[in-house]
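The values are calculated or read from the model by the stated rules, or taken from the named source; none is laboratory data. Quantities reported herein were computed from a predicted structural model and do not represent experimental measurements. So basically every Cβ, Gly included, is an ideal-geometry build from the backbone, and we count neighbours across all protein chains shown. Accessible surface is based on the protein model in full, side chains and every heavy atom, while ligands, DNA and RNA are left aside. Shrake-Rupley method; radii C 1.70, N 1.55, O 1.52, S 1.80 Å.
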Amino acid sequence: MSDVNSFFQEKQAAWLYRVIARKESDPAKQRLFLNLAHSAEIQAAIWEAKLKATPLRRFKPTCRARLVARLVRFLGPKPLRVVLAAMKIRGLSVYQHRFSPRHPMPTTVAQVGLRHKSIAGGNLRAAVFGINDGLVSNTSLIMGIAGAGNVLDFLILSGITGLLAGALSMAAGEYVSMRSQRELYEYQIDLERAELALYPEEEAEELALIYSARGMNLADARRLTRKMVCEPEHALDLLAREELGLNPNDLGSPWGAALFSFAAFTAGAVIPLIPFLAGFDRQTAIVISAALAAGSLFVVGAALSLFTGKSAVFGGFRMLLIGGGAGLTTHAIGHYWGTDGLSG
């Protein structure tokens, strides 16, 4: 990134910080973003001093920045954290938690890292939702084809095609999503690395302001962050975790996400196919498939209660109602539009 671009990026960040501060109702967060705006202006002045021999045009926010500002004014900053992070906005980890006696201020990078480990069982949750997607979509497809009265071989072909199409689509989507996310995170970490090398004191001050907004005494925060930033092996890791909310050692694997998504969707989509592949006659296979799908829907719904805190029985019956309704709807549509001449 050129020095000119760095200058305008800091000016734009300062402008966006002020937009966020005007929208923020929490006085502590409002002060944080105003202080970060001031820090960004200081960093812009550093770049401007280096560019004194280069004529600079008057600062004007980009179209993208103006769009993001409008969204912030309409939705607030919290729902737009990922978008704001891509615009070089720091301090967004202030929306994650505040320090309290139960969650004390970290004193080492190792303790900081503990703050960014998910307690929601991310992989398990993704697996359950992937299985559910495969189960509902392929059951609905098979029931729709069955409603149309098609021959057994066509039912099996449709089910296998639906499984592969859905699983590959999910895998491709997850790969692109994770690849894009990883590239964004790597870009942000590279920016932090460059800024840490150029102005470590200003980076330490930004970090102290974030800690202060989250409940720590500002003087104590300044002492702690200056000590941490002076440790080269930990400084970038610390800034990535606290300013960006990222764990540099766990940015996610695009191929891993794609394979995981493919496997989860396949596990759900194969369930309604089992009776057809097992060699049952068409009518028996349809009944067994519907029964297997219904039982699996209940189990998936009950499993989702692990993440919602609701009753497992309620979750199971709700998922059965939703997924069963989808299957019955597609069966009815298939029956209405089906051609008896194709029935086996």
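Being outside any helix (DSSP H, G or I) and touching a residue at least 24 places away in the same chain (Cβ under 8 Å) is the filter; apply it to the stretch 211-226 and report the residue that is least open to solvent (accessible area, probe 1.4 Å). The extreme case among them is 214. Among residues of the stretch 19-38 that are in contact (Cβ under 8 Å) with a residue 24 or more places away in the chain and closer than 15 Å to residue 207 by Cβ, those with a Cβ under 7 angstrom from a residue that is open to solvent by 20 Å² or more (accessible area, probe 1.4 Å) and charged (D, E, K, R), sequence gap 6+ or separate chain, pair up as 33/24.
Here is a yes/no grid of residues against (1) modelled with pLDDT of 80 or more; (2) touching a strand residue (DSSP E or B) at 6+ places or on another chain (Cβ under 9 Å); (3) over 18 Å from residue 275 (Cβ atoms):
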site	(1), (2), (3)
100	no, no, yes
103	no, no, yes
123	no, no, yes
130	yes, no, yes
137	yes, no, no
156	yes, no, no
161	yes, no, no
167	yes, no, yes
182	no, no, yes
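Picking from 285, 312, 290, which residue would you name as being touching a residue at least 12 places away in the same chain (Cβ under 8 Å) and open to solvent by 20 Å² or more (accessible area, probe 1.4 Å)? Step by step, each of 285, 312, 290 is checked, and only 290 is touching a residue at least 12 places away in the same chain (Cβ under 8 Å) and open to solvent by 20 Å² or more (accessible area, probe 1.4 Å). Of the candidates 66, 81, the single residue that is open to solvent by 60 Å² or more (accessible area, probe 1.4 Å), within 18 Å of the chain's Cα centre (by Cα) and either of a type outside the set (Val, Ile, Thr) or on the phi > 0 side of the Ramachandran plot (or both) is 81. May I ask you to list the residues in the stretch 174-210 that are over 21 Å from residue 34 (Cβ atoms) and not in a helix (DSSP H, G or I)? If the condition is that a residue be over 21 Å from residue 34 (Cβ atoms) and not in a helix (DSSP H, G or I), then no residue fits.
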